[in-house]
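Laboratory data are not the source of any read-out in this text; all were calculated from the coordinates shown. Quick caveat, the model's predicted, so the values are computed rather than measured. So basically every Cβ, Gly included, is an ideal-geometry build from the backbone, and we count neighbours across all protein chains shown.
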Amino acid sequence: MRRPVIAGNWKMHMTCAQAREFMGAFLPLVADTPNDRDLVLAPPFTAISTMARLCEDSSVALASQNVHWEREGAFTGEISPSMLQEHDVNYTIVGHSEPRKYFSESDEQINNRALSSQANGFIPIVCVGESDEQRERGEAERVIRRQIEQGLEGLDADQLVVAYEPIWAIGTGKTCEATEANRICGLIRSWVGSPDLVIQYGGSVKPGNIDELMAMSDIDGVLVGGASLKPDSFARIANYQTV
Ligand code: PGA
């Protein structure tokens, strides 16, 4: 039985004060959320300690937006697994299209981050997805398959979440059709060969499309950017209903 994971990625948003304000409004809105799903928020590093305290005794788990493969060392700007362990972080986001694009993250680096996550007790959320041009050229499946083969090498599929995030749908307001997102998630599951693998969809998820996405057979959750910044919209997403 695959347990849905509803995750919000705050990216480079939210000071500690803003995070406190968000949680003050958000937690009451998810107090009665059914216990059949996991709720996750990925704050910026500076708000992780504040968020760890705010999430105590709540149903919300924490994700880091990155993790390095070494436990310490000369890696300016990186975050180590031991630093995250101090703050009760459960998940890490790796392979997001933004570091892939802006910092030329390779599948090998992404694989190292994901392996390090599992070795240190975190569940990596490994993001994959094609660009607009790749989709138009008919290369979407080949690109995603390569990202899966290289990025997931050596990982334990039972301690893993994969997020299918078509790049053209991220932050653009253009959601991938639910049936097409479902088709790709099904392909990913067959390539990985693990029926229990949890696979999210991400890219312009909002209150207006969450119920349709979550009703799909192969979509086991969502990774949400913009709509996770407002307590009411992320609470509506967390409280999705499929009937
Ligand atoms: P978006 O971002 O929901 O703002 O499209 C999704 C993501 O980057 O994971």
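Summary of computed values
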| quantity | calculated |
| --- | --- |
| Max mean-square fluctuation residue, GNM over the chain, Cα-Cα springs under 10 Å, options E70, E136, E98 | E136 |
| Listed residues S59, S233, S104, most fluctuating in the chain (Gaussian network, C-alpha, under 10 Å) | S104 |
| Positive dipole terminus of the chain, leading residue within W168, V67, G193 (C-beta point charges) | W168 |
| Estimated dipole of segment 45-113 in Debye, rounded to 20 [Cβ of Lys and Arg +1, of Asp and Glu -1, Cα centre] | 160 |
| Nearest-20 debye value, segment 1-138 charge dipole, Cβ charges on Lys, Arg, Asp, Glu | 120 |
| Magnitude of the charge dipole, the chain, Cβ model with Lys/Arg +1 and Asp/Glu -1, debye to 20 | 380 |
| Dipole of segment 5-238, positive end: most advanced residue of A52, M14, P34 [Cβ charges, Cα centre] | M14 |
| Spacing of the two label points (7 Å from each Cα toward its C-beta) at D232 and E133, in nm | 4.1 |
| Amide H contacts of T92 (H built 1.01 Å from N, under 5 Å, at least 5 apart or other chain) | S64, I123, I125 |
| Segment 170-193-segment 76-118 distance, computed between alpha-carbon centres (Å) | 22 |
| Top of A227, A74, A140 by mean-square fluctuation, Gaussian network on the chain, Cα under 10 Å | A74 |
| Ranking of T175, T242 by count of other Cβ atoms within 10 Å, fewest first | T242, T175 |
| In sequence order, calculated HN-Hα J values of segment 15-23 (Karplus, 6.51, -1.76, 1.60; Hz; x Gly/Pro) | 6, 4, 5, 5, 5, 4, 5, 4, 5 |
